[in-house]
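See below for the structure under consideration.
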Amino acid sequence: MDPYRRLVRPALFRLDPERTHEAAIALAERVGRRLPRAQIDPALEVTAMGLRFPSPIGLAAGFDKGARAVDAWAAVGFGFAEVGTVTPEPQAGNPRPRMFRLGSDHALINRLGFNNPGSVVVASRLAAARARGRVAIPIGVNVGKSRDTLAERAVHDYAAAVERLWPYADYVVVNVSSPNTPGLRDLQARSALGEILTAVLDVDVRSAEWSGEPRRPVLVKLAPDLSDEQVDAVTELALELELAGVVVSNTTLSRAGLRSPAAMTSEEGGLSGAPLRLRSTELVGRVARRAEGALAVVGVGGVSSARDAWDKLAAGASLVQLYTALVYEGPSLVRRINRELARMMRERGIERVADIRSAG
């Protein structure tokens with residue numbers, strides 16, 4: 001057992017989960033600028049959406065909501081990181097307590113509610129990080145609507161957030177799948193989602209024309225609780241609009257199969273971590289088969305080992321993200337996954353991450 005699980009985790013788990021998370025971000029913010037970039041096996045390099053990723057293993061949205069520690073994630077070993085979810089204006093989120101550990105399940109429940117400092121602050125932090133020359137990996141920006149914005153006005157929130165953040169993002173993810181903002185998941189319906197994505201793509205085109213820079217890849221993030229038919233409909237919409245990809249998947253409202261006490265599992269909010277692994281991998285495969293290579297699929301949910309990452313890549317993911325596993329395994333997990341994934345590729349004679357899918 002490594003020192004994190006033996007010594008550090010027991011001490012951290014005596015603290016409130018959100019306080020522990022805030023301390024971790026503060027530490028990463030302080031030391032990130034001084035840490036060297038992690039050495040990653042060149043075999044893990046991935047090209048997707050027109051971007052180069054040193055590793056297919058990325059940090060999922062939700063961990064660094066306010067882009068406070070973007071200097072640190074390459075040092076941890078991530079091949080990319082996604083900040084946010086970011087709303088146009090600052091938002092406090094839901095009342096505390098709003099994050100809960102389910103240790104028996106290696107899972108978290110959160111009902112944070114898009115707490116973030118707003119698009120202006122996040123844009124300034126990303127601009128500063130890029131000016132320091134410390135952004136060594138692609139940084140995605142995940143955007144959402146404000147809690148108090150009516151559904152019929154949601155399109156304006158997404159467009160405003162993307163317009164402010166576009167210059168500093170390597171890619172953009174439209175989040176319509178969090179369960180913690182009332183009515184948000186209703187925006188996954190084809191008509192509402194089509195309007196939002198079209199507005200975001202319009203901002204992307206205009207921003208590229210004004211700046212003379214390339215367009216940014218635009219992706220949409222799905223909920224695991226959609227039916228297969230709904231997933232197919234969103235995938236078809238993404239193909240019609242020529243999005244760059246789909247992120248599969250967000251947290252779930254399901255509590256099926258949990259071992260933790262009912263008093264803990266009954267907390268409202270989205271469940272993340274190990275219980276989501278199989279469903280998210282299943283959806284990765286479904287989206288990848290339907291897209292037939294026309295969309296990059298980012299697999300997220302329950303990744304805590306190289307084997308978990310391999311399964312998502314074999315199912316058709318181009319990239320993989322994790323978050324909850326960091327809470328239970330510590331930051332050394334990322335380098336360990338990179339190392340073991342490269343070993344698994346060598347043992348099977350696979351030279352490129354993209355070939356894992358055909359190898360199974």
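Every number here is computed from the coordinates shown, using simple stated rules; none is lab data. None of the values given here were measured: they were computed from a predicted structure. So basically every Cβ, Gly included, is an ideal-geometry build from the backbone, and we count neighbours across all protein chains shown.
Quick notes
- Cα-based shape type of the stretch 77-185, given that a ≥ b ≥ c are square roots of the gyration tensor eigenvalues and the cut on a/c is 1.5: oblate
- Three-way shape call for the chain based on the alpha-carbon gyration tensor, with the a/c threshold at 1.5: rounded
- Packing-based exposure ordering (other Cβ within 10 Å, fewest first) of Leu243, Leu44: Leu44, Leu243
- Of the residues Pro331, Ala317, Ala11, the one whose Cα sits farthest towards the positive end of the charge dipole of the chain is Ala11 (charges of +1 on Lys and Arg Cβ, -1 on Asp and Glu Cβ, taken about the Cα centre).
- Least to most buried among Glu329, Glu240, Glu82 (fewest other Cβ within 10 Å first): Glu240, Glu329, Glu82
- Cα gyration tensor shape of the stretch 1-152, rounded if a/c is under 1.5, else prolate or oblate by comparing a/b with b/c: oblate
- Point-to-point label distance, Arg132-Glu242, nm (Cα→Cβ direction, 7 Å offset): 3.8 nm
- Between the stretch 288-325 and the stretch 234-252, the Cα center-to-center distance that results, in Å: 14 Å
- Ranking of Asp204, Asp64 by count of other Cβ atoms within 10 Å, fewest first: Asp204, Asp64
- In the chain, the DSSP beta bridges split such that about 30 percent are antiparallel, to the nearest 5.
- Partners of Lys312 within straight-line reach, counting lysines whose Cα lies under 23 Å from its Cα and excluding those fewer than 8 residues away in the same chain: Lys221.
- For the chain, size of Cβ-based charge dipole, Lys and Arg +1, Asp and Glu -1, in debye: 1500 debye
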